[in-house]
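Have a look at the structure below, then the notes.
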Amino acid sequence: MKDYKNYKVNDYVSDRSFIEWVLRPEKSNHLFWDSLLLNNPESAETVHRARLIIKSLYIKPSDHQLSDDEVLAITNRFEKDVKQQVNDGKQRNSYGQVRKLWTSVAAAVVLGFTFSLLVYHRPKNGTTDFHLSKSLNISNRTHNSRLIQLSDGTLIVLKPKSEISFPQKFQGKRREVFLSGEAFFEVHKNPLVPFLVHSGTIITKVLGTSFTVSAFPRMLFKVTVNAGKVQVYQHKENDDLSVLSSVTLTPNQQVILAGKNVTLKKDSVTTPQPLSPEVASKVFSFTNAPLQKVISQLEEAYNIPVIYDKMKYSKVTITASLANLPLNEKIRAICKVIDASYEFTDNSIIIK
């Protein structure tokens, strides 16, 4: 545990957690630092000075790393300002101490800048090593859909001739995947960590919902929402932060993009999606329904085969409403009723 009570200015400005709080304050870290200041009011002045230093030196993420000349220019400007304060009697530290402090500040700021690049920069090759986590690339070259479960509980049904890249474990403030082809997503809800699907110059952003993205190279781009709400926005080539246009979609709405220079426009789907609230409430509400019917509804909606012993469970019936549950919770609920276990494989769900 860090001894924050005895921290000096140079300790704060080189502390990553403190830098994150100053530059990107969120409710979670607000609670920690507010509590620290409340219990240690004598640290308020030191914290205030450290905040001013970090804010004055913060550099927003861009598409290139700082050059040596840029770092030197910032260093010289900072030292000039502080030296003037020393001459004016406004700073009690010696210039040598200030120079030592700057070394910590520079290291902290460059570290924060590099971290931002790792989070925001979209790799050109469609794979990712963002968030310092091992990247996984999965291709589906079969004629059947492939089932993928991510570290956060999100389920992906990867369609044939499609490829997706994602980190082995999500870290940081965003969950990001890179898709070429078509996939259905059932995103695990986490309002504090949005889920982003990158498809060329299009990003689909959600907090927790189900939707389908179709983004085959040199073909139509399409996002169709089953449940929840998603935001789809188009950015400049190799610049995720420059938004050209965006739309927000709700259930049974879609957006189609036929070319790079076409503005995103949303439209309603002609047939309600099988997992949209109004359809799911009917399709997945069962009263003494044979297990075979329940399984068939799941297979049709998710396009994933469910393997089970039909003879063993031929007389089993289900009474339940599964409409508002994600796929894995639907399967778990069914297995609890029939006293069985289950397993997700690459191309099927097995009930044992």
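Just name the residue that is most open to solvent (accessible area, probe 1.4 Å) out of those in segment 194-222 that are within 17 Å of Lys161 (Cβ to Cβ), touching a Lys or Arg at 6+ places or on another chain (Cβ under 9 Å) and in contact (Cβ under 8 Å) with a residue 24 or more places away in the chain.
The selected residue is Phe216.
Would you check which residues across segment 262-273 are open to solvent by 60 Å² or more (accessible area, probe 1.4 Å), touching a residue at least 12 places away in the same chain (Cβ under 8 Å) and not basic (Lys, Arg) and list them?
Pass one, segment 262-273, residues open to solvent by 60 Å² or more (accessible area, probe 1.4 Å): 262-263, 265-268, 270-272.
Subsequent filtering for residues that are touching a residue at least 12 places away in the same chain (Cβ under 8 Å) retains 263, 265-268, 272.
If the condition is that a residue be open to solvent by 60 Å² or more (accessible area, probe 1.4 Å), touching a residue at least 12 places away in the same chain (Cβ under 8 Å) and not basic (Lys, Arg), then Thr263, Asp267, Ser268, Pro272 are the ones that fit.
Just give me the residues in segment 235-250 being in a strand (DSSP E or B) and either at positive phi or modelled with pLDDT under 85 (or both), in sequence order.
To start, the set of residues in segment 235-250 that are in a strand (DSSP E or B) comprises 235-236, 239-249.
Across segment 235-250, the qualifying residues are His235, Lys236, Asp239, Asp240, Leu241, Ser242, Val243, Leu244, Ser245, Ser246.
Being surrounded by 17 or more Cβ atoms within 10 Å (Cβ to Cβ) and either at positive phi or in a helix (DSSP H, G or I) (or both) narrows it down to one residue among Ala301, Ala333; which is it? Outline the logic, then answer.
Values: Ala333 fails: surrounded by 17 or more Cβ atoms within 10 Å (Cβ to Cβ).
So the residue among Ala301, Ala333 that is surrounded by 17 or more Cβ atoms within 10 Å (Cβ to Cβ) and either at positive phi or in a helix (DSSP H, G or I) (or both) is Ala301.
In segment 310-327, is there at least one residue being out of contact with any helix residue (DSSP H, G or I) (no Cβ under 9 Å at 6 or more places or on another chain) and either surrounded by 15 or more Cβ atoms within 10 Å (Cβ to Cβ) or in contact (Cβ under 8 Å) with a residue 60 or more places away in the chain (or both)?
Looking through segment 310-327, at least one residue is out of contact with any helix residue (DSSP H, G or I) (no Cβ under 9 Å at 6 or more places or on another chain) and either surrounded by 15 or more Cβ atoms within 10 Å (Cβ to Cβ) or in contact (Cβ under 8 Å) with a residue 60 or more places away in the chain (or both).
Any residue at all in segment 290-297 that is surrounded by 12 or more Cβ atoms within 10 Å (Cβ to Cβ) and at pLDDT below 80?
no
Under 7 Å by Cβ, and 6 or more places apart or on different chains, what pairs join a residue from segment 328-346 that is under 14 Å from Leu155 (Cα atoms) with one that is assigned to a helix (DSSP H, G or I)?
Lys330/Leu298
State whether the residues of segment 51-68 include one that is at pLDDT 75 or above and either part of a helix (DSSP H, G or I) or open to solvent by less than 70 Å² (accessible area, probe 1.4 Å) (or both).
Of all residues in segment 51-68, those at pLDDT 75 or above come to 51.
If we keep only those that are either part of a helix (DSSP H, G or I) or open to solvent by less than 70 Å² (accessible area, probe 1.4 Å) (or both) as well, we get 51.
The answer is yes; a qualifying residue exists.
The values are calculated or read from the model by the stated rules, or taken from the named source; none is laboratory data. Please read these numbers as outputs of a predicted model, since none were measured by experiment. Ideal geometry is used to build each Cβ from the backbone, glycine not excepted, and the neighbour counts take in all protein chains shown. Accessible surface areas use protein heavy atoms only, side chains included; no ligands, DNA or RNA. Shrake-Rupley method; radii C 1.70, N 1.55, O 1.52, S 1.80 Å.
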